[in-house]
Amino acid sequence: MSDDNKNPYENACNQLRICSAQMDMDPGIHEILIHPKMVHTVSLPINMDNGEIKVFTGYRVQHNDARGPYKGGIRYHHEVSMDEVKALAMWMTWKCAVIDIPYGGAKGGIVCDTKEMSVREKEHLTRRYTTMISQFIGPYRDVPAPDMYTDAQTMAWIMDTYSVLKGYSVPEVVTGKPIGLGGSEGRTEATGRGTAICLREAAKALGMNLKDAPVVIQGFGNVGVHAALTLYSMGCKIIGVSDSQGGIYNPDGFDPSKVMAHKIETGTVMGFPGTKNLSNNELLELECDFLVPSALGNQITDQNAGNIKAKVIVEGANGPTTTEADVILNKNGVFLVPDILANSGGVMVSYLEWVQNINRQHWSLTEVNQQLEQKLIDSFRNVWDTRERMGLNMRDAALGVGVKRVADSIQLLGLFP
Ligand code: NAD
């Protein structure tokens, strides 16, 4: 059966099933892990600019908190669904465990199209959502962060709404805030930067050269832009990038900072001078050394996995590859650095932001970047060694590391009552 419209939660559960079988996991612990601990659905009535009331649907899923408070971003997108949020929450649990930071996993989302909304409408929606989930979040309970179509401004509104409800300022309730409100240096660029560091480590481990190495990046938002800028500064040749409208390609490469300026001016990367426009599907199948999917989930499926020509895939996005596509890529010898490792730089610096907030400190960019770099080098190395030792691919090795840490914590905690 085609997995073109694959349910992301099924994808996440399939990954866990494969991992549990490989680990010979206690079936009871597997059963705990496959179910999110709490799911919340809220309805959000908003006065729109045209005077009408519109009711939006929001979700917050808290998958597991055996290792610490729940942590996970909030996504605003018209295709957000409960199953997508459940999958993303599960992946957050593994991600925090793979890089060994003391958090569990959660995720949130609102079904909306921000491109059709004014700033005032987005602010009201964010404040209403925060109010509705306010009793489930908190600095020691669940700490949200940005994801697709949410940003530092969104986090500022969440911080303000939560603080008003509490009666005092609580910067540590969210991460990814503006620097002036206790945000961390380096948080905005952390995910893309981390993805680039993982790509560099993969190249090193595989004996590949980064100088002029052709790179294709799908998605030119927070993750895609910062991955492109960092990889360009490392000497890679960025030959293709895309956004929701389509992609651009030039085999001789281009400067991603100029594409960024073009996108700010025109609203899309398409039409950047000296490049050829192409579709997102064509972009994924370009000849290149490194492919960095940094947009939505379910982009590499059993429909196109066989056509992927990249030697290495580094998953900046969450869940861009389905389980069926993984099988095809493995068979074709494509080396893949999985999302729970490749995009963990964001939650790593979110963690550093939370630690700074709790301790009322503010660290320099150099200090933050040093900690990010060291954490990702160590985590990559640990997953690589697990892969070698157990004869696994990188996804199964990363899941093995993360899931085992969570399972061990559950065993140590025991069951209440
Ligand atoms: P963003 O909203 O900043 O950017 C999303 C980009 O994807 C935009 O350029 C948009 O045009 C593009 N896009 C949307 N639909 C597309 C499509 N069908 N084809 C190609 N491009 C499309 O979002 P972001 O924060 O960069 O997140 C991107 C991915 O990275 C998501 O999967 C997210 O879960 C993951 N991620 C983000 C963070 C973070 O810190 N922001 C951390 C970890 C993982």
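Six or more apart or on different chains, Cβ under 9 Å: which pairs go from a residue in region 398-416 that's within 10 Å of Ala66 (Cα to Cα) and touching a residue at least 12 places away in the same chain (Cβ under 8 Å) to one that's among the hydroxyl-bearing types (Ser, Thr, Tyr) and surrounded by 14 or more Cβ atoms within 10 Å (Cβ to Cβ)? Could you list them?
Qualifying pairs under 9 Å: Val406/Thr93; Ala407/Ser20.
On the given criteria, is Lys37 under 11 Å from Lys107 (Cα atoms), basic (Lys, Arg) and at pLDDT 95 or above? Can you show your working first?
Working: under 11 Å from Lys107 (Cα atoms): no; basic (Lys, Arg): yes; at pLDDT 95 or above: yes.
So Lys37 does not fit the description; no.
Please go through region 224-240 and give me each residue that is of a type in the set (Val, Ile, Thr) and near the ligand (Cβ under 9 Å from one of its atoms), ordered by number. Give the steps one after another, and end with the answer.
In the first step, residues of region 224-240 are kept if they are of a type in the set (Val, Ile, Thr); the result is 225, 230, 238-239.
The one that is of a type in the set (Val, Ile, Thr) and near the ligand (Cβ under 9 Å from one of its atoms): Val225.
On the basis of being more than 16 Å from the ligand (Cβ to nearest atom), farther than 18 Å from Ile238 by Cα and modelled with pLDDT of 95 or more, does Pro178 make the cut?
Values: more than 16 Å from the ligand (Cβ to nearest atom): no; farther than 18 Å from Ile238 by Cα: yes; modelled with pLDDT of 95 or more: yes.
So Pro178 does not fit the description; no.
Considering each of Ile158, Ile197 in turn, give the residue that is part of a helix (DSSP H, G or I), touching a strand residue (DSSP E or B) at 6+ places or on another chain (Cβ under 8 Å) and within 30 Å of Pro293 (Cα to Cα). Talk me through it step by step, then tell me what you get.
Details: Ile197 fails: touching a strand residue (DSSP E or B) at 6+ places or on another chain (Cβ under 8 Å).
Unique residue meeting the criteria: Ile158.
Can you name every residue in region 241-285 that is within 10 Å of the ligand (Cβ to nearest atom) and on the phi > 0 side of the Ramachandran plot? Before you say what the answer is, go through the steps one by one.
Going through region 241-285, the residues within 10 Å of the ligand (Cβ to nearest atom) turn out to be 241-247, 263, 267-269, 279-281, 283-284.
If the condition is that a residue be within 10 Å of the ligand (Cβ to nearest atom) and on the phi > 0 side of the Ramachandran plot, then Gly246, Gly267 are the ones that fit.
Assuming Ala202 fulfils every condition listed in (1) buried (at least 19 other Cβ atoms within 10 Å of the Cβ); (2) away from the ligand (no atom under 12 Å from the Cβ); (3) within 30 Å of His78 (Cα to Cα); (4) not basic (Lys, Arg) apart from one, which condition is it?
Among (1) buried (at least 19 other Cβ atoms within 10 Å of the Cβ); (2) away from the ligand (no atom under 12 Å from the Cβ); (3) within 30 Å of His78 (Cα to Cα); (4) not basic (Lys, Arg), Ala202 violates only (3).
Looking only at region 270-285, filter to residues that are surrounded by 19 or more Cβ atoms within 10 Å (Cβ to Cβ) and of a type in the set (A, V, I, L, M); which one of those is nearest to Gly240 (Cα to Cα)?
Leu283
Given the criterion outside any helix (DSSP H, G or I) and among the charged types (D, E, K, R), identify the matching residue among Glu265, Glu282, Glu185, Glu189. Can you show your working first?
Values: Glu265 fails: outside any helix (DSSP H, G or I); Glu282 fails: outside any helix (DSSP H, G or I); Glu189 fails: outside any helix (DSSP H, G or I).
Step by step, each of Glu265, Glu282, Glu185, Glu189 is checked, and only Glu185 is outside any helix (DSSP H, G or I) and among the charged types (D, E, K, R).
Being of a type in the set (S, T, N, Q), within 16 Å of the ligand (Cβ to nearest atom) and within 30 Å of Pro251 (Cβ to Cβ) is true for just one of Asn369, Asn304, Asn332. Which residue is that?
Sole residue among the options that is of a type in the set (S, T, N, Q), within 16 Å of the ligand (Cβ to nearest atom) and within 30 Å of Pro251 (Cβ to Cβ): Asn304.
The values are calculated or read from the model by the stated rules, or taken from the named source; none is laboratory data. Everything numeric here is computed off the predicted structure, so don't read it as measured data. Please note: Cβ atoms are built from the backbone with ideal geometry, for glycine as well, and neighbour counts cover all protein chains shown.
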